Amino acid sequence: MDFRAFYDEHVALVWRTLFRLGTAKPDLPDAVQEVFVVAFRKLPEFEGRSKPSTWLVGICHRVASDRRRLAHVRREIGDERALLDRGDERQNPEQLAQHRERIELVDELLSELRPEQREVFVMFELEELSGKEIAAIVGAPLKTVFSRLRLAREAFAAALALRRQESKRALGAPVAATALAGRGQTP
């Protein structure tokens, strides 16, 4: 297998997965490199029992976990938004901006999840791994994986509902203030 082609095909997946698993932004370039160094070393051992993307997500899980534990040691700044913001080139600037805003919102909501819920949510909902694959990656029973997923979905939905409510309030406040001011009243 041509490793360069393998890298090119999976680098966006690795970058996105590491970021969404909680790897600190300054650590992303090194973490991506670390994943591919491990993959390069272990590629001859890869038996093909899973998809290469599933295998890489497992490596990402271990690297992200290690990075979170050692986050206080590293202090580098990277430009991860280039890969995360990559949208459809056929979109107009407004669509691209909306795409970036949605990505940022998802990333903010993910950051509010507990780490063990976040990793299961990312692997299942975003990277579309099966429960069995996730259980093998995180080393937890299948029922635990689904319990974490349920809790993560609930927390994600609650955080999203709260954001929407805050957004509606923020949008409603200027309208109410303007209406009161138009009648000679102050808010």
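The values are calculated or read from the model by the stated rules, or taken from the named source; none is laboratory data. The structure presented is a predicted model; accordingly, all values stated were derived computationally and were not measured. Quick reminder, even Gly has a Cβ in these numbers, built from the backbone with ideal geometry, and neighbours come from all protein chains shown.
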Item to complete: Please indicate, with yes or no, whether at least one residue in segment 64-71 is modelled with pLDDT of 75 or more and not small (Gly, Ala, Ser).
Response: yes
Worksheet item: Quick one: how many residues across segment 105-119 are in contact with a Leu (Cβ under 9 Å, 6 or more places away or on another chain) and more than 18 Å from Ser65 (Cβ to Cβ)?
Response: 4
Worksheet item: Of the conditions (1) within 18 Å of Leu21 (Cβ to Cβ); (2) assigned to a helix (DSSP H, G or I), Glu128 fails just one. Which one is it?
Response: (2)
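Per-residue answers, yes or no, for (1) hydroxyl-bearing (Ser, Thr, Tyr); (2) surrounded by 17 or more Cβ atoms within 10 Å (Cβ to Cβ); (3) farther than 21 Å from Trp55 by Cβ; (4) at pLDDT below 90:
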{"site": "Gln91", "(1), (2), (3), (4)": "no, no, yes, yes"}
{"site": "Arg100", "(1), (2), (3), (4)": "no, no, yes, yes"}
{"site": "Arg114", "(1), (2), (3), (4)": "no, no, yes, no"}
{"site": "Val120", "(1), (2), (3), (4)": "no, yes, no, no"}
{"site": "Ala136", "(1), (2), (3), (4)": "no, yes, no, yes"}
{"site": "Arg150", "(1), (2), (3), (4)": "no, no, yes, no"}
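Out of all the residues in segment 22-61, which are without any contact (Cβ under 8 Å) to a residue 24 or more places away in the chain, under 25 Å from Gly131 (Cβ atoms) and within 18 Å of the chain's Cα centre (by Cα)? Walk me through how you get there before you give the answer.
Our first condition is that a residue be without any contact (Cβ under 8 Å) to a residue 24 or more places away in the chain; within segment 22-61, this holds for 32-33, 37, 41-42, 44-49, 51, 55.
Now narrow it down to the ones that are under 25 Å from Gly131 (Cβ atoms): 42, 45-49, 51, 55.
Once the filter is applied, which keeps residues that are without any contact (Cβ under 8 Å) to a residue 24 or more places away in the chain, under 25 Å from Gly131 (Cβ atoms) and within 18 Å of the chain's Cα centre (by Cα), segment 22-61 yields only Trp55.
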Item to complete: Any chance you could count how many residues in segment 9-44 are aliphatic (A, V, I, L, M), within 23 Å of Ser111 (Cβ to Cβ) and out of contact with any Gly (no Cβ under 8 Å at 6 or more places or on another chain)?
Response: 10
